[in-house]
Amino acid sequence: MENNLNLRRYDIDWIRTIALGVLILYHIGMYYVADWSWHIKSDTTYFWLQDVMVLTNPWRMSLLFFISAVALSLVLKRYQTQDLLLIRSKRLLIPLVFCMFTIIAPQVYVEALSQQLIEPGFFSFWSQYINPRTTLLTDHHSPLGLLTWNHLWFLPYLWLYSVIVIVLHPILRDMANTKWFSNVSTRSFVILTMTSIVLSCYFLRESYPPSNALVGDWYNHAKYFGAFILGYFFPRHANWWSELIEKRRLFLILVVGSYIFILLDRHGMFTSLAEMYKTNNVVKVVYGYLFSINHWGFTFAVVGYAGYWLNRPSPVLRYLNDAILPYYILHQTLIVVFAWWLKPYLLHPTIEFSLLLAFTLAGCAIGFEIVKRVQILRWLFGLKLTEDSGSIKYAFSNSK
């Protein structure tokens with residue numbers, strides 16, 4: 001079998017694009033879902049949306065970390081360690097810092113305005129927002145005052161995990177070249193990935209609930225760095241990728257079954273089991289594996305179906321490979337701002353949702369068209385400079 005590291009994997013680019021689309025829909029859904037807090041909420045919310053949102057909750061971010069690591073694994077051999085560290089830092093940390101001071105600010109402003117915590121006036125608010133010693137809204141301060149990364153938390157996590165893997169690459173590569181590694185079956189790989197989620201939930205979730213704060217976020221680190229490490233090793237095995245493609249239908253059946261169980265459990269169909277969860281370790285492990293099947297099963301099903309149907313180039317994909325990072329950076333701020341703008345019109349939720357989606361996508365497209373034409377903006381948004389033909393679109397892509 002041809003070495004996966006020597007293949008150009010268009011399906012990884014497609015998965016990344018699909019994951020971004022799911023993320024945009026998810027964040028719009030957060031505006032309408034009942035009983036889940038978010039930056040701004042519609043006056044009309046729906047409990048049934050929770051069941052829809054739970055469909056993607058367990059796996060959407062793990063999928064992004066997994067495929068980001070696959071992309072990194074595919075390009076590692078082309079660069080020296082110091083060059084990769086520099087590229088990764090430029091592509092992730094510069095956009096993070098710039099956007100914390102600029103793109104994220106309207107989210108915080110609208111959230112505070114919607115809660116009647118501040119008076120209208122964005123620029124007066126912004127002057128306090130960028131001041132780490134501000135006395136405004138002290139109950140909402142982080143260690144940097146009001147500065148926050150909100151949905152861009154993915155960038156510092158991805159940077160940290162990438163640095164660890166790049167530095168340890170010689171050791172990890174040697175592990176992947178051992179006979180033991182080549183003898184690990186796909187079944188063992190799947191069991192290992194599912195067990196990692198069970199263990200992290202069992203030992204870390206209650207003590208370290210998800211915070212997206214990077215420091216002390218041990219449950220998230222166990223889940224996402226675990227996905228990242230597994231993503232690194234995934235293309236280095238001769239059989240795993242092809243067997244996931246071959247068994248894609250099985251994974252789809254498993255995840256549909258686990259999702260149905262989760263829905264029934266959420267609606268009180270297994271009350272006696274739920275009551276035993278905190279006191280019975282066997283029940284806790286059973287629940288853990290059912291949730292893990294839902295978590296990793298979706299990831300494997302997506303990888304399998306994408307590998308079967310989408311491993312081919314496309315003009316749309318070429319556009320999206322450049323556009324995906326600016327779209328990711330811009331989308332949540334646009335959702336929050338447009339939702340706040342549309343709210344006084346009291347539109348029917350179906351019409352409002354359609355407009356919110358259309359305005360968000362249009363805003364992302366217009367923003368990207370502006371960014372890609374201005375060199376300083378390209379740099380600030382993590383795109384390669386147009387004269388820098390030797391670098392790669394490295395923040396989210398494995399493009400050559």
Lysine pairs within the chain, Cα separation less than 25 Å, 8 or more sequence positions apart or different chains: 19
Computed label-point distance, nm, for sites THR134 and ILE18 using a 7 Å Cα→Cβ extension: 4.0
Cβ-Cβ FRET estimate between ARG266 and TRP309, R0 fixed at 41 Å, reported to 0.05: 0.85
In nm, spacing of pseudo-spin labels at LEU5 and TYR319 (7 Å Cα→C-beta vector): 3.6
Difference of contour (0.36 nm per residue) and Cα-Cα distance, THR178 to TYR208: 7.3 nm
Pairwise FRET efficiency - ARG78 versus THR350, Cβ, R0 = 56 Å, nearest 0.05: 0.70
Dipole magnitude (debye, nearest 20) for the chain, charges at Cβ of Lys, Arg, Asp, Glu: 1220
Kirkwood Rh, Cα atoms: Rg over Rh of the range 162-237: 1.02
Residue-span extension gain [ALA274 to ARG249] - 0.36 nm each, minus C-alpha spacing: 6.0 nm
Scattering curve values for the range 28-74, log₁₀ I(q)/I(0), Debye with Cα scatterers, q = 0.17, 0.31, 0.33 Å⁻¹: -0.58, -1.06, -1.12
q = 0.07 Å⁻¹: log10 I(q)/I(0) that the Debye formula gives for the chain, counting C-alpha atoms only: -0.35
ASP43 - accessible surface, heavy atoms, 1.4 Å probe, Å² rounded to 10: 120
Ranked packing of 289-295, 124-130, most packed first, by mean Cβ within 10 Å: 289-295, 124-130
VAL285 paired with VAL52, simple spin-label distance in nm, labels 7 Å along Cα-to-beta-carbon: 3.8
Protection proxy ranking of 330-337, 354-361 - average other beta-carbon atoms within 10 Å, highest first: 330-337, 354-361
Percent carbon-and-sulfur accessible area, the chain, ignoring ligands, DNA and RNA, probe 1.4 Å: 65
Mean accessible surface per residue for the range 188-322, computed with a 1.4 Å probe while every protein chain stays in place, in Å²: 51
Cβ crowding within 10 Å averaged over residues, with 268-279, 64-75 ranked highest first: 64-75, 268-279
Å² of accessible area per residue within the range 1-110, as computed with a 1.4 Å probe and no ligands counted: 37
Helix-only mean residue ellipticity at 222 nm for the chain, each DSSP H run of n ≥ 4 adding -39500 (n - 2.57), per residue, nearest 500: -21000 deg cm²/dmol
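The values are calculated or read from the model by the stated rules, or taken from the named source; none is laboratory data. In this text, all values refer to a predicted model and were calculated from it rather than measured experimentally. Cβ sites come from the backbone with ideal geometry, for glycine too, and all protein chains shown count toward neighbours. All accessible areas refer to the heavy atoms of the entire protein, side chains included, with ligands and DNA or RNA removed. Shrake-Rupley method; radii C 1.70, N 1.55, O 1.52, S 1.80 Å.
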